[in-house]
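**Q** My questions will all concern the structure given below.
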Amino acid sequence: MTLVGQGARYAIVGGLNTLVDLAVFALLVEAAGTAPVPANVVSFSTGAANSFLWNRHWTFRELDNGKRARRQMAEFAAVTLLGLAASTGCVALLAPVVGPLPAKLASVVVTFALTFAINRTVVFGGGPARRRAMED
């Protein structure tokens, strides 16, 4: 599958996970009165749990390099934590200026670009030679 095809699949999976993330975030902030940063940690983690399975078995399945699921899960968790840090940083910086929901939406753009690149090349990637062969 091409880079564009994988990007599209990643965006679809990410879109579904983002809907879950935003719904949980809105419920926690609006209905439960939770502060934006802790709400973001819970909502982001909820979306990420589903993301691993969809990305492993659908988005990046062609790049399978024989890694066992546990190793991929550990790497995915590390990337997710990096994404969570980027997302939470965006929310913490922007929420006081633009409000919680616009800040959360801005964080989605940052985390999409960051986590796609790392997941494609490190977590699910088959190495540079395999990627080049698939893109030709």
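**Q** When Rg is the radius of gyration of the Cα atoms in the chain and Rh is its Kirkwood radius, what does Rg/Rh come to? Write out the running numbers ahead of the final one.
**A** Details: Rg = 15.6 Å, Rh = 15.4 Å.
Rg/Rh for the chain comes to 1.02.
**Q** With a ≥ b ≥ c taken as the square roots of the eigenvalues of the C-alpha gyration tensor of region 1-69, please select rounded if a/c is under 1.5 and otherwise prolate if a/b is larger than b/c or oblate if it is not? Walk me through the numbers before you get to the answer.
**A** Details: a/c = 4.13, a/b = 2.36, b/c = 1.75.
Prolate, because a/c is 1.5 or more and a/b exceeds b/c.
**Q** Here's something else I'd like to know. Amide H of residue 34 versus every other amide H placed in the peptide plane: which residues, excluding those fewer than 5 positions away on the same chain, fall under 5 Å?
**A** Counting only residues 5 or more places away or on other chains, the set is 29.
**Q** Output the relative contact order of the chain, whole-number percent, from Cα pairs under 8 angstrom with separation of 6+ residues. Working shown, then result.
**A** Values: 126 pairs, mean separation 40.4, N = 136.
Worked out over the chain, it gives 30 percent.
**Q** From the residues 27, 41, 79, which one has its Cα farthest along the dipole of the chain in the positive direction, the dipole being from +1 and -1 charges on Cβ of Lys/Arg and Asp/Glu about the Cα centre?
**A** Highest projection toward the positive end goes to 79.
**Q** Let me ask something else about it. With the chain treated as a Gaussian network of Cα nodes joined by springs under 10 Å, which of 70, 120, 56 yields the largest mean-square fluctuation?
**A** Among 70, 120, 56, the largest mean-square fluctuation in the Gaussian network model of the chain belongs to 70.
**Q** Starting from 0.36 nm per residue, how many nanometres of slack lie between residue 71 and residue 101 once their C-alpha separation is accounted for?
**A** That pair, residue 71 and residue 101, stretches by 7.4 nm at full extension.
**Q** Here is a further query. How big is the dipole moment of the chain about its Cα centre under a simple scheme where the beta carbon of each Lys and Arg is +1, that of each Asp and Glu is -1, and everything else is neutral? Debye, nearest 20, please. Write down the numbers at each step before the final one.
**A** Working: 12 positive and 7 negative charges, 103 e Å.
I would put it at about 500 debye.
Each reported figure results from applying straightforward, stated rules to the coordinates on display, with no laboratory input. The shown structure was predicted, so the numbers you read here are calculated from the model rather than taken from an experiment. FYI the Cβ positions are ideal-geometry reconstructions off the backbone, even for glycines, and counts take in every protein chain you see.
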